[in-house]
Amino acid sequence: MAGARVDATGWDVAVTVPWVPTPGDLVKDSDGQIGEALAWDGPMGTVTLASLWDGELWETDTFSPASDLDELRVLLLKVVQR
């Protein structure tokens, strides 16, 4: 899932992705970090994520939905931190 591309004519080519997260979705990036989706930049093919622990923001163009196991781990870590 790369960023915006320009074809031979100089026109932007739409980025095609298999899944677009909506705000609030848990998303795993290519480094295995899980964050909450805040925004989708369609032309660039990137998603802005917020850390679940400190709110730090980052963008990634390589991501997937968090698995059920990932979501369970997040829930357990939040319970333990209380």
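The values are calculated or read from the model by the stated rules, or taken from the named source; none is laboratory data. Note that this is a predicted model, so its numbers are computed, not measured. Heads up, the Cβs are rebuilt from the backbone with ideal geometry, glycines too, and the neighbour counts pull from every protein chain shown.
Taking each residue of the stretch 58-81 that is among the acidic types (Asp, Glu) and looking for partners that are exposed (fewer than 15 other Cβ atoms within 10 Å of the Cβ) and modelled with pLDDT under 95 with beta-carbon atoms closer than 6 Å, six or more apart or interchain, yields Asp61/Gly3.
Conditions (1) surrounded by fewer than 16 Cβ atoms within 10 Å (Cβ to Cβ); (2) at pLDDT 60 or above; (3) over 10 Å from the mean Cα position of the chain (by Cα); (4) not in a strand (DSSP E or B), marked per residue:
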site	(1), (2), (3), (4)
Gly3	yes, no, yes, yes
Gly10	yes, no, yes, yes
Pro21	no, yes, no, yes
Lys28	no, yes, no, no
Asp31	yes, yes, yes, yes
Ala39	yes, yes, no, no
